[in-house]
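In what follows, a structure is listed as structure tokens, so that the remarks can point back to it.
The values are calculated or read from the model by the stated rules, or taken from the named source; none is laboratory data. Predicted, not measured: the structure shown is a model, and the values here were computed from it. Cβ sites come from the backbone with ideal geometry, for glycine too, and all protein chains shown count toward neighbours.
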Ligand code: UDP
């Protein structure tokens, strides 16, 4: 029997590659699309020769080949986008485009073919939140012209057009808001706190803390995220769902976790806080618990140890 066909945009990225691999294991035929602006071919290594995997180097912002309308897609997963602040600061227009025009082209494909659409949104839609922890019902506190707006507003637009297609054309949609996620296949150069501090510790370089380090984040291991995504495919729920780990740490506490995992001679250095950097972030996950029977199972110590193991064997 023919396997159901899915598209994963951003398949060579950190999250997209884990998703593509899991979907292959779940018995789907996967077309991975990526323009490699931040994705890396090495992320596909463990499944690129899988008989049901096909990789296409393309940018959905430019539109999609006509022949895609004739294929029998069951799902389109839109995970392509620069996602770490330094990366999207460096690609502002591209980030806006992939989440606006890119999302529109993929939704059009879903409208024409009857595929379900799965949009990777983000906790950044809550901006610098005034409500803590953040439930899905919170509308957010985003600076529309701030430096982060190229990502925050792009994802907010991505959600808006997703629901416009849902209401206007009846496209079946799923939307997740992904909170800080880490694990194997992250780009060591992506400039996030997890990769920066781990590699600084490994190289005995100073650990860089932006601001005074009292801002908080809640870190989710990637396999927990992927489990939540797969469960959401199986339920009829079109409203946004937070997926994140509610264990919250200040950045200084996080740095101490890194130090206890990686013995290092590194000092700590303080750098200016980037503008509009959210002061606190923690997901309210009662919705995911209720409708998916889901909650994270990998704690930060274990997740960081698994990530370290990967970095030691896969990155120089
Ligand atoms: N951060 C830091 N040192 C670094 C990189 C980031 O202190 O080397 C801080 C950053 O200012 C933010 C938090 O760590 O407050 C998480 O940053 P990241 O870039 O990982 O993701 P964000 O949650 O801001 O999208």
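Here are the numbers for the structure shown:
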{"read-out": "Subset of the stretch 126-158 (residues that are touching a strand residue (DSSP E or B) at 6+ places or on another chain (Cβ under 7 Å) and over 20 Å from residue 93 (Cβ atoms))", "value": "126, 127, 128, 129, 130, 133, 134, 136, 140, 141"}
{"read-out": "The stretch 256-291, residues that are more than 23 Å from the chain's Cα centre (by Cα), in a loop (DSSP other than H, G, I, E, B) and exposed (fewer than 15 other Cβ atoms within 10 Å of the Cβ)", "value": "263, 265, 267, 272"}
{"read-out": "Helices (runs of 4 or more DSSP H) completely within the stretch 78-134 that count 2 or more residues being within 16 Å of the ligand (Cβ to nearest atom)", "value": "85-90, 92-99"}
{"read-out": "Of all residues making up the stretch 201-248, the number that are under 21 Å from residue 19 (Cβ atoms), part of a helix (DSSP H, G or I) and within 16 Å of the ligand (Cβ to nearest atom)", "value": "2"}
{"read-out": "Any hit, the stretch 140-157, residues being surrounded by fewer than 19 Cβ atoms within 10 Å (Cβ to Cβ), touching a residue at least 12 places away in the same chain (Cβ under 8 Å), away from the ligand (no atom under 15 Å from the Cβ) and in a helix (DSSP H, G or I)", "value": "yes"}
{"read-out": "Residues located in the stretch 298-316, provided they are in a loop (DSSP other than H, G, I, E, B) and farther than 17 Å from residue 178 by Cβ", "value": "299, 315, 316"}
{"read-out": "Qualifying position, being in contact (Cβ under 8 Å) with a residue 12 or more places away in the chain and over 25 Å from residue 8 (Cα atoms), among 244, 228, 213, 303", "value": "213"}
{"read-out": "Residues of the stretch 176-189 classified as near the ligand (Cβ under 9 Å from one of its atoms) and either outside any loop (DSSP other than H, G, I, E, B) or at pLDDT below 95 (or both), total", "value": "1"}
{"read-out": "Sole residue being more than 30 Å from residue 165 (Cβ to Cβ), buried (at least 16 other Cβ atoms within 10 Å of the Cβ), in contact with a strand residue (DSSP E or B) (Cβ under 6 Å, 6 or more places away or on another chain) and modelled with pLDDT of 95 or more, chosen from 249, 219", "value": "219"}
{"read-out": "Test result for residue 196, near the ligand (Cβ under 8 Å from one of its atoms) and under 18 Å from the mean Cα position of the chain (by Cα)", "value": "yes"}
